[in-house]
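Read the structure below first, then the notes.
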Amino acid sequence: QVQFVESGGGLVQSGGSLRLSCAASALFFSHYTMNWFRQTPGKQRELVATISSGDTTDYADSVKGRFTISRDNAKKLVYLQMNFLKPEDTAVYYCCGALGSRTFWGQGTQVTVSS
């Protein structure tokens, strides 16, 4: 059974940093494209960052230069390093793994940035 479990969320002041982690229990983890999404109440889930199986990364314009996605295939972990956080980064952050046409989601972790 494929599972992704996020951790590392919390409350931080504006300008601060957090690192989110996503632990995977999945065969062939290195083949997955891994994504971080975020969602606030009443809004659609937003793609924040992506890292391919070949370590190619992409970011939403709103986080470029502040967030960094990375992966450790040996440990089956994906990270989202978030620096210079802003109140508008407040959201539930979700880890999502994609392999072919299948996608798997974590349960989410809350990030709150106070002004």
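The values are calculated or read from the model by the stated rules, or taken from the named source; none is laboratory data. Note that this is a predicted model, so its numbers are computed, not measured. All Cβ positions, even for glycine, are placed from backbone atoms using ideal geometry, and neighbour counts span all protein chains on display. Just the protein is used for accessible areas: all its heavy atoms, side chains included, with ligands, DNA and RNA removed. Shrake-Rupley method; radii C 1.70, N 1.55, O 1.52, S 1.80 Å.
How far apart, in nanometres, would the label points at Gln1 and Gln13 be if each is projected 7 angstrom from Cα along the Cα-to-Cβ direction?
Between Gln1 and Gln13, the simple spin-label model gives 4.2 nm.
Between the range 1-21 and the range 49-115, how many Å separate their Cα centres?
Between the Cα centres of the range 1-21 and the range 49-115 lies a distance of 9 Å.
With a 1.4 Å probe and all protein chains in place, put Val92, Val5 in order of accessible area, largest first.
Working: Val92 35, Val5 75 Å².
Result, largest first: Val5, Val92.
Averaged per residue, what accessible area in Å² does the chain show with a 1.4 Å probe, protein chains only?
54 Å²
Within a Cβ distance under 15 Å of Leu85, other residues only, what is the Lys/Arg minus Asp/Glu net charge?
Once positives and negatives cancel, what remains is +3.
Would you work out what percent of the accessible area of the range 19-115, with all protein chains in place, is carbon or sulfur (probe 1.4 Å)?
51 percent
If r is the Cβ-Cβ distance from Asp61 to Gln81 and R0 is 22 Å, what FRET efficiency results, to the nearest 0.05?
For Asp61 and Gln81, the calculated efficiency is 0.80.
Could you size up the charge dipole of the chain around its Cα centre, putting +1 on the beta carbon of Lys and Arg and -1 on that of Asp and Glu, and report it in debye to the nearest 20? Could you put the intermediate results ahead of the total?
Numbers: 11 positive and 8 negative charges, 24 e Å.
The calculated dipole for the chain is roughly 120 debye.
Farthest toward the dipole's positive end in the range 1-107, which of Tyr59, Trp36, Ser25, given Cβ charges of +1 (Lys, Arg) and -1 (Asp, Glu) about the Cα centre?
After comparing all options, I get Ser25.
What FRET efficiency would be calculated for the residue pair Ala74, Thr33, taking the C-beta separation as r and a Förster radius of 25 Å, to the nearest 0.05?
0.90
How long is the gain from Gln107 to Arg45 if the chain were fully straight, where each residue apart is worth 0.36 nm and the alpha carbon distance is subtracted?
21.0 nm is the gain from fully extending Gln107 to Arg45.
Net charge near Gly15, counting Lys/Arg +1 and Asp/Glu -1 over other residues with Cβ under 14 Å of its Cβ? Walk me through the intermediate numbers first.
Details: positive: Arg66, Lys86; negative: Glu88, Asp89.
It works out to a net charge of 0.
Which trypsin sites (Lys or Arg not before Pro) does the range 6-115 hold that lie in a coil by DSSP with at most 13 other beta carbons within 10 Å?
On the way: sites: Arg19, Arg38, Lys43, Arg45, Lys64, Arg66, Arg71, Lys75, Lys76, Arg102; in loops: Lys43, Arg45, Lys64, Arg66, Lys75, Lys76.
Loop-located and lightly packed - Lys43, Lys64, Lys75.
Counting other Cβ atoms within 10 Å, which chymotrypsin sites (Phe, Trp or Tyr not before Pro) in the range 67-105 have at most 16 and lie in a DSSP loop?
Here the sparse-neighbourhood loop sites are Phe84.
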